[in-house]
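Below is one structure; the comments refer to it alone.
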Amino acid sequence: MTDITVGGMTCAACVRRVERKLGKLDGVTAEVNLATGRARVSHPAEVTVDELTSAVEAAGYTAHVMVPLIDGKRQRRTEDVAEDDARRERERLTITAVLSLPVLALSMAPPFQFDNWQWLCFVLAAPVAAWGAWPFHRRALSGLRHATATMDTLVSLGVLASFLWSAYALFLGGAGVPGMRMPFTLVPTTSDGMAHVYLEAAVGVPLFVLLGRFLESRARRGTGAALRSLAQLAAKEVTVRRSGTDVRLPIERLRVGEVFVVRPGERVATDGGVSEGSSAVDLSLVTGESEPIEVSPGSPVTGGSVNVGGLLLVRATAVGADTQLARITQLVTDAQAGKARAQRLADTIAGVFVPVVLALAATTLGFWLGAGADPQAAITAAVAVLVVACPCALGLATPTALMAATGRGAQLGVLVSGPQALEGLKHVDTVVLDKTGTLTSGHMSVGRITATPDGPAADEVVRLAGAVEEGSEHPLGRAITAHARRAAEDEPLPAVSGFRATAGHGVSGHVDGRAVEVVAPDGTELPAALSAARERADEAARTAVLVRVDGAPAAIMEVADLVRPGSYRAVDRLRRLGVRPVLATGDRAAVARAVAEDLGIAEVHARCIPQDKAELVRRLRAEGRRVAVVGDGVNDAAALAGADLGIAMGTGTDVAIGAADVTLVRSDIEALADAVRLARHTLRTIRTNLAWAFGYNVVTMPLAMVGLLNPMVAAVAMSLSSVLVVANSLRLRTWQPSPARQRRGRTAPRSLV
């Protein structure tokens, strides 16, 4: 996969041409995004980057391989190039406006007209038609060399036709006499024996198209603001503590395992674990968490978050592209590169749109002349057709909305992999929810421990079980290991050999020469004391964990968890959105029922191993349901991959996140309801944009063809169409989730598991 920045694209026809040109290479497919000016290219290893950029250049556009957005220096260089382009754009627009406004005023206000006013307008209009409109002429010529036509072809022909007709009228048509006066009407009129000049169209078309492009580019930069703000969270420098001395270094020189200093008010330079100090850390800009989180030695911290309290010493656990901030940035970048199904249709239409418009303009000119109409009226109608029929709005309809939505989603702690994920979210009607770490906090703690009278002591069982679970990613395992460490105080846990984890079952290994297993006790023959302990755990809706030592049952450990406070609101909001919640967990039936009853979930599946969850998803899909799966562990990966839509908790494992289409960076499951509503709102916005883009051409093209649209008015309408589409998309940047509704009578989370 290679990302290429494509320069010179102006409309959806350009997008279609670049995609076709790249697609002619063997094994190459490409998705080109007009709003970002980016091509995402999938290609076999034997196709080189030089071949890809050469193909783009052969289509008449510039191309260079994109650099990582998370890299601070390269990001600044990219922004400098963009700023230079914007500055040149402003300069051309300013000079064009200074020259054009007198022409427009004199042409549109007959009382201002004086002797030889038309010649002054001609002198002012000439540099506008040549230099002001040069970007359109240059790209039109490039397209001509490559046997293609784009929006620039339409604008260039419209400007040249208006200016050359005006030159003919002035020099040969009698319009150059000193006392000539010309009325202005929005609807073209026939001549009165003297050729009219259309210098207002010759300057108005490039002026308004340049103005529209300028406003459009500013708005498009606004849709990518969230992505740029994410990149700006990346630290440029870090204070590393080496041998008791603080050294200030560029962030690129920080290595995993090094300890760095985070002073109050500073950003955490990279992902790590607190080694000294305690403080509160604000994650709102990274994950959307609204409340600062208290951290102390052993707590993980995320790069880009802000230290709002005391001094922290943090040991780096990830740097560069491996950090959570870098992964979030990459996910958002990837999402903005994709296309919705509706946009693919729009791009296909745009690919043939410009040639059709050229044919219609020629047909209009021929029809008017063949019907005996005045030549200047025929030319005016043809020019209006050329100018008004711009496919810009078609090309911008989806990518601008997608950029704004993915950026807003990132701010709310919701990361989508692309437009297909948004479409999937909109149509989901059933969501399969994991329990531990999804509906519950996953912050478990060990309660009562019951050991067999003739086996190892409880303290020894805890030490052995904690050592084995140290290699586990499951919340149950983390709770047991944390309990063992606290019990051992300063003593390290013993080493483990032959560690093995079985998804949905448990872990095993050898500790101090003893075989230790930590597993679920379901269906296991237990001594009376342990059987009673398991029943007691069932009655209390807690999770019972069996520890075997050298093959013999040694103890039952009871582990407790809390339902996330947001789970109550999330399940309620999903039901209100017409989404049916289903609970599927590997835990025991009693625990699963307790959670389901408390949350109001009617359908429960307990004791689900990974294969069972995947089979449940297949069964629901066979019933015709659109199924999403929410999970956070390795045991959820198969179900996530097999669902119509996989949704991973950001606190989960890399395997789960890698198999998912959507990642909830916030630890709050309520983000799922926000994601569904954002997806529905985004797709409504895209449909509105496309309806406007198509509807605009359906209305204005016939008006232009029958001579009811002045070319200058056509230029204004064409520019406004693109600006309105982008402005409509920008509304997504301020989209807010509906206020959370607390379930009636709920005051505090229960200890359920």
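The values are calculated or read from the model by the stated rules, or taken from the named source; none is laboratory data. Being a predicted model, the structure only gives us computed values, none of them experimental. Heads up, the Cβs are rebuilt from the backbone with ideal geometry, glycines too, and the neighbour counts pull from every protein chain shown.
Go over the candidates L422, L386 one by one and state the one that is hydrophobic (A, V, I, L, M, F, W, C), crowded, with 24+ Cβ neighbours inside 10 Å, in a helix (DSSP H, G or I) and more than 32 Å from the chain's Cα centre (by Cα).
Values: L422 fails: more than 32 Å from the chain's Cα centre (by Cα).
Answer to the selection: L386.
Among the residues of the stretch 632-644, those that are surrounded by fewer than 24 Cβ atoms within 10 Å (Cβ to Cβ) and either at pLDDT 80 or above or outside any helix (DSSP H, G or I) (or both) comprise G642, D644. For the stretch 303-316, taking the residues that are surrounded by fewer than 23 Cβ atoms within 10 Å (Cβ to Cβ) and out of contact with any Phe, Trp or Tyr (no Cβ under 9 Å at 6 or more places or on another chain), the one that is modelled with the highest pLDDT is identified as L311.
Please verify whether V516 is of a type in the set (A, V, I, L, M) and under 24 Å from A537 (Cβ atoms), treating the condition exactly as stated.
Values: of a type in the set (A, V, I, L, M): yes; under 24 Å from A537 (Cβ atoms): yes.
Criteria met by V516.
Taking the residues in the stretch 569-587 that are more than 11 Å from A602 (Cβ to Cβ) and of a type in the set (V, I, T) as candidates, determine which candidate is surrounded by the fewest Cβ atoms within 10 Å (Cβ to Cβ).
Start the filter on the stretch 569-587 by keeping residues that are more than 11 Å from A602 (Cβ to Cβ), which leaves 569-570, 572-574, 576-579, 584-587.
If we keep only those that are of a type in the set (V, I, T) too, we end up with 579, 585.
Numbers: V579: 19, T585: 26.
Ranking the qualifying residues of the stretch 569-587, first place goes to V579.
Output the residues belonging to the stretch 491-534 that are assigned to a loop (DSSP other than H, G, I, E, B), more than 46 Å from the chain's Cα centre (by Cα) and of a type outside the set (V, I, T). Selection gives E491, D512, G513, G523, E525, L526, P527.
Of all the helices (runs of 4 or more DSSP H) wholly in the stretch 105-218, which have at least 3 residues that are within 30 Å of L34 (Cβ to Cβ) and modelled with pLDDT under 85?
Details: elements: 117-127, 134-145, 151-171.
Qualifying helices (runs of 4 or more DSSP H): 134-145, 151-171.
Among residues belonging to the stretch 668-703 that are closer than 16 Å to P737 by Cβ and of a type in the set (G, A, S), point out the one that is modelled with the lowest pLDDT. For the stretch 668-703, the residue satisfying everything is A671.
A quick yes/no check of all residues on (1) under 20 Å from Q420 (Cα atoms); (2) of a type outside the set (A, V, I, L, M, F, W, C); (3) modelled with pLDDT of 85 or more; (4) touching a strand residue (DSSP E or B) at 6+ places or on another chain (Cβ under 8 Å):
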residue	(1), (2), (3), (4)
V6	no, no, yes, yes
T10	no, yes, no, no
A13	no, no, no, no
E19	yes, yes, yes, yes
L22	no, no, yes, yes
G27	no, yes, yes, no
A35	yes, no, no, no
V41	yes, no, yes, yes
A45	no, no, yes, no
